[in-house]
Amino acid sequence: MNPNIDSQITSGGTGDSASAVNQISRLTNALLVVLFILLSIACLFPLLLVISVSFTNEHAIVLHGYNIIPKQFSDYAYRYLFKDPGEIIRGYGISILVTVVGTIGSLLLTALYAFPISRKDMPYRNALAFIVFFTMLFSGGLVPWYLAYSVAGLKDTLWALIIPNLVVPFNVLIMRTFFSNTIPGSLIEAAKIDGSGEVRIFAQIILPLSTPVMATIGLFQTLTYWNDWFTSSVFISNNHLVSLQYLMYKVINNIQYLNSGRVDASVAGKVAATIPTETVRMAMAIVGIGPIILVYPFLQKYFVKGLTVGSVKG
């Protein structure tokens with residue numbers, strides 16, 4: 001058989017195969033793009049619906065239900081919430097202060113605990129790690145938890161909102177695994193040979209190399225502190241120290257109480273008629289997520305790396 005003909009057949013077959021692979025690749029990429037667009041819409045739709053309902057007239061909600069485009073525009077839910085703007089602003093201030101101080105303190109304490117137990121030359125490292133793991137499985141219960149902080153004199157103070165969430169066992173284990181898998185022991189030994197102490201090694205070497213896991217744990221703790229309303233309900237009776245989330249929780253409870261039928265109908269009927277029951281819930285959701293929704297985009301590039309590296313068993 002003619003070698004030239006063989007080479008043409010071979011090259012033609014190779015070209016057809018490469019073309020088919022390229023077409024399949026383009027088709028796959030197009031399907032993935034469409035899939036992710038649909039997933040993005042599915043994620044955004046509830047948020048857009050909440051925003052739309054919060055700007056809808058209450059009677060339109062009763063008549064037509066929820067709609068992505070308001071049937072009758074109204075900002076009464078927000079005007080109702082901000083009848084006392086000082087209370088909302090104070091709640092924002094408390095939540096922001098507790099979130100910032102709590103997240104920074106939590107990152108510092110978590111790193112200070114996780115780094116030593118990630119070191120192979122640390123005495124009793126396994127016992128200390130087991131103590132952390134044990135608290136993930138068992139707790140003293142709600143009453144001892146309440147008594148411990150009350151006896152310590154933390155009731156009706158901002159420390160009662162910060163201290164209970166400072167050290168989370170799951171975060172400690174994630175950070176420990178990150179240190180074990182990412183920070184080589186030779187780097188620490190080299191720093192010691194150069195005369196660095198433990199504090200300097202931790203502050204100038206370990207922390208700068210731990211940005212991914214710090215961002216991940218920081219995001220976890222930011223969301224934990226920002227969404228926490230239960231701690232305020234347990235320890236705070238001073239209305240000037242309640243967080244924004246607990247303030248919103250009280251508003252919802254008051255509305256539900258007025259609509260429960262346990263109040264004199266002659267009084268509750270007049271009051272309840274002026275309360276935007278459905279729309280005010282959506283407005284509170286928008287008010288509550290306002291600042292915190294801006295945090296994730298700044299930490300997104302660190303989030304996946306910190307979570308996946310820390311999830312590997314060390």
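The values are calculated or read from the model by the stated rules, or taken from the named source; none is laboratory data. Please read all numbers here as calculations on a predicted model, not as lab measurements. Glycine gets a Cβ as well: all are built from the backbone with ideal geometry, and neighbour counts include every protein chain shown. Surface accessibility is based on the protein's heavy atoms, side chains included, excluding ligands, DNA and RNA. Shrake-Rupley method; radii C 1.70, N 1.55, O 1.52, S 1.80 Å.
Its convex hull of Cα atoms gives segment 83-311 a direction-averaged projected area, equal to a quarter of the hull surface, of 16.1 nm². Modelled spin labels at F130 and V101, positioned 7 Å past Cα toward Cβ, are 3.7 nm from each other.
At full extension, S196 and L294 could sit 31.4 nm farther apart than now, given 0.36 nm per residue minus the alpha carbon distance.
Taking amide hydrogens as placed 1.01 Å from N in the peptide plane, the amide H of T56 sits under 5 Å from those of S74, each at least 5 positions away in sequence or on another chain.
Solvent-accessible area assigned to carbon and sulfur over segment 83-311 amounts to 68 percent, based on a 1.4 Å probe.
Hey, can you find the accessible area per residue of segment 83-311 for me, probe 1.4 Å, expressed in square angstrom? Walk me through the intermediate numbers first.
Working: 12250 Å² over 229 residues.
With the other protein chains kept in place, segment 83-311 gives 53 Å² per residue.
Heavy-atom accessible area, probed at 1.4 angstrom with all protein chains present, ranks D121, D194, D75 as D194, D121, D75, highest first.
Sorted largest first, the spans of the alpha carbon positions of segment 137-206 along the three principal axes are 49, 26, 14 Å. Around the Cα centre of segment 83-311, unit charges on the Cβ atoms of Lys, Arg, Asp and Glu (plus for the first two, minus for the last two) sum to a dipole of about 200 debye.
Contact order for segment 83-311, expressed relative to its length and based on alpha carbon pairs under 8 Å spaced 6+ residues apart, stands at 33 percent.
Converting phi to 3J(HN,Hα) with the Karplus coefficients 6.51, -1.76 and 1.60 and the offset θ = phi - 60°, segment 104-117 yields 5, x, 5, 4, 5, 5, 5, 5, 5, 7, 6, 5, x, 6 Hz in sequence order, with x at every glycine or proline.
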